[in-house]
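Novice: Can you read through this structure? Questions will come right after.
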Amino acid sequence: MSDHFDGLETRSADEREKDLMAALPGQVAHAKQNASYFSELYKDIDPNEINSREALRQLPVIRKPDVQDAQNANPPFGGLNAVPITGMAHVYMSPGPIFEPDSDARDHWRYARALWAAGFRPGDIVHNTLSYHLTPAGGLVETGCRAIGCAIFPGGVGNTEIQVDAIERLKPTAYAGTPSFLRILLEKADEMGKDSSSYRKASVGAEPLPPSLRQWFEDRGIVTTQGYGTADIGLIAYESLPVEGMILDEGLILEICRPGTGEPVEEGEVGEIVVTTFNPVYPLIRYGTGDMTAILPGASACGRTNTRIKGWMGRADQSAKVRGMFVHAKLVGEIVARHPEVDKARIVITNPDNRDQMVLKAEASKGDSGLADALKQSVQTVTKLRGDVEIVAPGSLPNDGIVVEDAREFT
C-alpha cells in the first residue's frame, strides 16, 4: 500500500502551481456569482484575470473580524456561503461566534491526507476524542477516517475511566485528539491497571506537542504526528515521517503575509498564514487565519513535494492598548504602505516610570533625512498617538513576525 494518499502529493512544483492557478479563476467566479458577500467585494473584479499569485494579491484579505461583522449584519453566514441551507450537512459555531457550514461531500475537510501521513489505514479502529458538538473538530477527523476506511470510536473528551475501559476491550489501534488528553488516558490506564497497548499511532492537534511529550508517547510505542487545520478552512498542513516541519495540503493556495497587510514576506520570513480554498460551499479566498508561520526550504524526505512550513509560530492579530487607544498590526501595515522606502517595521511599546512610550522601528534601505519626520507624522495620523521613530539597518529587526511588540513591564 502506498505511503502517499494519492498522486497529487508527488507532483512537481511546476505542475502543482499550474493546476492551482488554472483552478483559481473558476473559484473566484463561483464565489462572485453565488455568494453575496463576494458579489459585492469583487464587483469590480474580472475572475478570469485572477490566474496568478500576482493577480491574487490584488484581492483583499478577509479576516475573522470581517466574517463576524458580515454575519452579524446578514445572519447566519454573512453571505459567504455559496450554496443554500439545502446544500449543507451541518452548521458549526466557533468562538466569536462565527458560523461555518459543511457538506456531505467525501472528506469535506480534506483531513484524510493528514491521517494517512500519520499511518492511519483501512481496518484501523480510531479512538476519536475531539469534540463533536459546536465546532467541527470531531467531524473533521471522522470524515477523514471514513474516506480512508477506518472505523471510528467517537469518545469525545471526559468520562476518562469509561473510555479507559473501552480502550482495553475495543483495542483501538489509532488515536485522534489533543496530546494532553492522550497522556491523561494513558496515565489513567496505568493507574487503573488497564491495557492501553493497542495504540500504535496518533494524530494530534489543537494544542502544542512538546518534544518531550512526543518522545514519551514514542517510548510507549505510539508514533505521533500533528495535523494543523481550522474550523473555517479544514486541513492546512500536516506532519509526515520523518518529521521535518509540516507539509501543505494539496487543496489550497498558501501565502505568508506580513501581519496586518496582504503583502507577502520573503521566503523563510515569519508572517501570517493567508489561505485560498477551493471549497464550493464556503469559498474563502485570501482568508487570513491569524496564525503565523514561515516557509521551510526544500521538500520532505517522505517524497511529498508540496511546500513545507515550520508549524504554528504565534498569532498575527497582535494588538496593545496604549494610553487608552488600541494599536493593531493592521495599523503598522497602513503606516508602512504610506512610505515605500520602508521595507519592514514594528511598533515597540515600553513603560519607563510607568508611562507608556511608543516607538516605530523601521528598516529602510533608502530614503532621505526627512524619512523619520514623515514617519512620525504617519504614526500620529494612523494611530492617533504620538510616537518616536527609529530608522534601523535592513535585516536588523527579528524574524519573528511581530509588528506590535508590547515590551512593558508591570510590577
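The values are calculated or read from the model by the stated rules, or taken from the named source; none is laboratory data. For clarity, every value in this text was computed on a predicted model and none was experimentally measured. Positions of Cβ are generated from backbone atoms using ideal geometry, with glycine treated the same way; all protein chains shown enter the neighbour counts.
Novice: Going through 247, 295 one at a time, which residue ends up being β-branched (Val, Ile, Thr) and either touching a residue at least 40 places away in the same chain (Cβ under 8 Å) or in contact with a helix residue (DSSP H, G or I) (Cβ under 9 Å, 6 or more places away or on another chain) (or both)? Full working, then the answer.
Specialist: Working: 295 fails: either touching a residue at least 40 places away in the same chain (Cβ under 8 Å) or in contact with a helix residue (DSSP H, G or I) (Cβ under 9 Å, 6 or more places away or on another chain) (or both).
Going through 247, 295 in turn, just one is β-branched (Val, Ile, Thr) and either touching a residue at least 40 places away in the same chain (Cβ under 8 Å) or in contact with a helix residue (DSSP H, G or I) (Cβ under 9 Å, 6 or more places away or on another chain) (or both): 247.
Here is a yes/no grid of residues against (1) touching a strand residue (DSSP E or B) at 6+ places or on another chain (Cβ under 7 Å); (2) more than 29 Å from residue 60 (Cβ to Cβ):
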position: 11; (1), (2): no, yes
position: 20; (1), (2): yes, no
position: 28; (1), (2): no, no
position: 33; (1), (2): no, no
position: 38; (1), (2): no, no
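Novice: Which of the residues that make up region 351-370 are assigned to a strand (DSSP E or B) and farther than 20 Å from residue 334 by Cβ? Let's see the steps before the verdict.
Specialist: The initial filter retains those residues of region 351-370 that are assigned to a strand (DSSP E or B), namely 357-364.
357, the sole residue that qualifies.
So that you can scan it fast, the table gives a plain yes or no per residue for (1) under 21 Å from residue 217 (Cα atoms); (2) at pLDDT below 95; (3) more than 20 Å from the chain's Cα centre (by Cα):
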| site | (1), (2), (3) |
| --- | --- |
| 126 | yes, no, yes |
| 135 | no, yes, no |
| 151 | no, no, yes |
| 157 | yes, yes, yes |
| 161 | yes, no, yes |
| 167 | yes, no, yes |
| 182 | yes, no, yes |
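Novice: Can you find even one residue in region 212-228 that is surrounded by 14 or more Cβ atoms within 10 Å (Cβ to Cβ) and touching a Cys at 6+ places or on another chain (Cβ under 9 Å)?
Specialist: No: zero hits.
Novice: Give region 371-411 a look and list any residue that's within 11 Å of residue 335 (Cβ to Cβ) and surrounded by fewer than 17 Cβ atoms within 10 Å (Cβ to Cβ), or say none.
Specialist: Narrowing region 371-411 to residues within 11 Å of residue 335 (Cβ to Cβ): 374-383, 387, 389, 403.
Correct list: 374, 376, 377, 380, 381.
Novice: Quick one: in region 7-49, of everything that is in contact (Cβ under 8 Å) with a residue 40 or more places away in the chain and not in a helix (DSSP H, G or I), which residue is surrounded by the fewest Cβ atoms within 10 Å (Cβ to Cβ)?
Specialist: Per the criteria, the residue is 12.
Novice: Determine whether region 201-217 contains at least one residue that is in contact with an Asp or Glu (Cβ under 8 Å, 6 or more places away or on another chain) and at pLDDT below 95.
Specialist: Within region 201-217 (the criterion being in contact with an Asp or Glu (Cβ under 8 Å, 6 or more places away or on another chain) and at pLDDT below 95), the answer is no, since none of the residues qualifies.
Novice: Would you check if there is a residue in region 207-219 being over 14 Å from the mean Cα position of the chain (by Cα), over 30 Å from residue 99 (Cα atoms) and in contact (Cβ under 8 Å) with a residue 60 or more places away in the chain?
Specialist: Here is the first cut: in region 207-219, the residues over 14 Å from the mean Cα position of the chain (by Cα) are 209-219.
If we keep only those that are over 30 Å from residue 99 (Cα atoms) as well, we get 210-219.
Still in the list and also in contact (Cβ under 8 Å) with a residue 60 or more places away in the chain: none.
Within region 207-219, not a single residue is over 14 Å from the mean Cα position of the chain (by Cα), over 30 Å from residue 99 (Cα atoms) and in contact (Cβ under 8 Å) with a residue 60 or more places away in the chain.
Novice: On the given criteria, is residue 361 closer than 27 Å to residue 312 by Cβ, crowded, with 20+ Cβ neighbours inside 10 Å and among the basic types (Lys, Arg)? First the steps, then the outcome.
Specialist: Details: closer than 27 Å to residue 312 by Cβ: yes; crowded, with 20+ Cβ neighbours inside 10 Å: no; among the basic types (Lys, Arg): yes.
Spelling it out, it is not the case that residue 361 is closer than 27 Å to residue 312 by Cβ, crowded, with 20+ Cβ neighbours inside 10 Å and among the basic types (Lys, Arg).
Novice: Scan 121, 113, 106, 146 and give me the residue that is basic (Lys, Arg), modelled with pLDDT under 95, closer than 30 Å to residue 300 by Cα and assigned by TED's automatic domain parsing to the domain that holds residue 237. Talk me through it step by step, then tell me what you get.
Specialist: Working: 121 fails: modelled with pLDDT under 95; 113 fails: modelled with pLDDT under 95; 146 fails: modelled with pLDDT under 95.
Unique residue meeting the criteria: 106.
Novice: What about residue 328, is it out of contact with any strand residue (DSSP E or B) (no Cβ under 7 Å at 6 or more places or on another chain) and closer than 22 Å to residue 263 by Cβ? Before you say what the answer is, go through the steps one by one.
Specialist: Values: out of contact with any strand residue (DSSP E or B) (no Cβ under 7 Å at 6 or more places or on another chain): no; closer than 22 Å to residue 263 by Cβ: yes.
Taking the combined requirement at face value, the residue does not satisfy it.
Novice: Would you mention how many residues in region 58-77 are among the basic types (Lys, Arg) and in a helix (DSSP H, G or I)? Give the derivation first.
Specialist: Within region 58-77, the subset among the basic types (Lys, Arg) is 63-64.
Imposing the further condition that a residue be in a helix (DSSP H, G or I) reduces the set to 64.
So the answer is 1.
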